[in-house]
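Structure record follows, encoded as structure tokens.
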Amino acid sequence: MRDLKFGIAGYGKMGKIRANSINDSEGTELVCLFDKDQENIESEVYLCSSYKQLLDSDIDGVFISTYVDAAADYVLRALKSGKHVFCEKPPSLTKNQLLEINEFQSDSNLILKYGFNHRFHYSVMEAKKLIQKGTMGKLLWMRGVYGKAGSLDFKENWRNYKKYAGGGILMDQGIHMLDLFRFFAEEEFFCRASYLDTVFWEIENEDNAFVILESESGIVSSLHSTANQWKHKFLLELTFEKGYITLDGILSSTGSYAPEKLIYGYRDQEDIEKSMGRPLETTSVFEVDNSWVYELNEFVTAIRGDEIRNGTLNDALQIMNLIEDIYATNLRR
């Protein structure tokens, strides 16, 4: 079986991560790159002078790691050129930008996958397995906090300009937590209330998003996505009829959200008379992050005949629908 050949459009942080995954995996080969800032690229693979030249290259698929404003256009152009596509999140500036892709893709046998990477972390995968066992009972509510401190150049970062990113910290980081809400509940959500504002940073987009959601069956979930969390934090709590699951921390390239832990317990595993509210807990700590490899593997196996289960076009459409609902509900308007 021959190696699959790939090109990458956009060679920033995420483009480099995808390049490393391709180079480190068997059966895949990185052939070419394109980035508008060609002068700062250091790579042994061929540098294309335009996106068109990349699409005209002898490749099977394209990884799109551009600014959000170019993502939908680049995806559609790649599909129309006969290439399989992997696109980073956020998938587009608006949901409407995805509708033309959806129309084309409905008659296509090409693979399109979006990068909702958190689904491939060990803590998330193990939590999903635990839920699927059914021992926790019905899911009642979820509470998520995802916060970062910004950066030294945060005010100048492209993610903070609407024309490049579409939205602020909700789009950039909160989108992962929204996807995990959908992933664990296996339901769609709508926004009950939201408050998005620029609290600290002097930027165009919001640096805080407080969101209350409700699912189709009544699962209430809250999210706080912030760029003012001076000690980085990832926390997702799920409460069920018979127990609870907590995801505390997540492994990342910076290591600032580590350690990555899965904690769970059951209501009946407590001494009601002596320790009400303190059930026995099981804690697993994960020290290796193979999420990038697992995500790439799903894309590769789909090209070879399997199917996309995570990061589908429908996932992208539903997430953008929810995000637009959240912005429309904003009490700060």
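The values are calculated or read from the model by the stated rules, or taken from the named source; none is laboratory data. Everything numeric in this text was worked out from a predicted model, so none of it was measured. No Cβ is skipped: glycine too gets one built from the backbone with ideal geometry, and neighbour counts run over all protein chains shown.
Miscellaneous remarks
- Taken over the range 6-34, the residue count meeting the criterion of being surrounded by 15 or more Cβ atoms within 10 Å (Cβ to Cβ) and in contact with a Leu (Cβ under 8 Å, 6 or more places away or on another chain) is 16.
- Selected residue (only one of SER215, SER225 is modelled with pLDDT of 95 or more, over 17 Å from the mean Cα position of the chain (by Cα) and either crowded, with 23+ Cβ neighbours inside 10 Å or of a type outside the set (D, E, K, R) (or both)): SER215
- Residue identified as β-branched (Val, Ile, Thr), at pLDDT 95 or above and touching a helix residue (DSSP H, G or I) at 6+ places or on another chain (Cβ under 6 Å) among ILE111, ILE131: ILE111
- Among residues that are touching a residue at least 12 places away in the same chain (Cβ under 8 Å) and within 20 Å of the chain's Cα centre (by Cα), MET125 is not included.
- All conditions but one from (1) over 13 Å from the mean Cα position of the chain (by Cα); (2) hydrophobic (A, V, I, L, M, F, W, C); (3) assigned by TED's automatic domain parsing to the domain that holds GLY218 apply to ILE101; the one that does not is (3).
Yes/no matrix, rows are residues, columns are (1) at pLDDT 95 or above; (2) of a type in the set (A, V, I, L, M):
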residue	(1), (2)
GLY12	no, no
ILE17	yes, yes
SER21	yes, no
LEU30	yes, yes
PHE34	yes, no
ASP37	no, no
ILE41	no, yes
TYR46	no, no
SER50	yes, no
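- Residue among ARG278, ARG332, ARG309 that alone is loosely packed, with under 14 Cβ neighbours inside 10 Å, in contact with a helix residue (DSSP H, G or I) (Cβ under 8 Å, 6 or more places away or on another chain) and either assigned by TED's automatic domain parsing to the domain that holds GLU126 or part of a loop (DSSP other than H, G, I, E, B) (or both): ARG309
- Restricting attention to the range 72-94, the residues being aliphatic (A, V, I, L, M) and over 24 Å from GLY167 (Cα atoms) number 2.
- The condition (being under 27 Å from ASN102 (Cα atoms), at pLDDT 95 or above and surrounded by fewer than 17 Cβ atoms within 10 Å (Cβ to Cβ)) is satisfied by just one residue among ASP56, ASP60, ASP69: ASP56.
- Residues within the range 35-46 that are touching a Cys at 6+ places or on another chain (Cβ under 8 Å) and either buried (at least 16 other Cβ atoms within 10 Å of the Cβ) or not assigned by TED's automatic domain parsing to the domain that holds ILE8 (or both), tallied: 1
- Matching residues, the range 80-103, being closer than 22 Å to ILE8 by Cβ and assigned to a helix (DSSP H, G or I): LYS80, GLN97, LEU98, ILE101
- Among the criteria (1) small (Gly, Ala, Ser); (2) under 25 Å from ARG309 (Cα atoms); (3) assigned to a strand (DSSP E or B), the one SER194 does not fulfil is (2).
- Just one residue in the set VAL288, VAL300 is exposed (fewer than 13 other Cβ atoms within 10 Å of the Cβ) and either in contact (Cβ under 8 Å) with a residue 40 or more places away in the chain or among the hydroxyl-bearing types (Ser, Thr, Tyr) (or both); that residue is VAL288.
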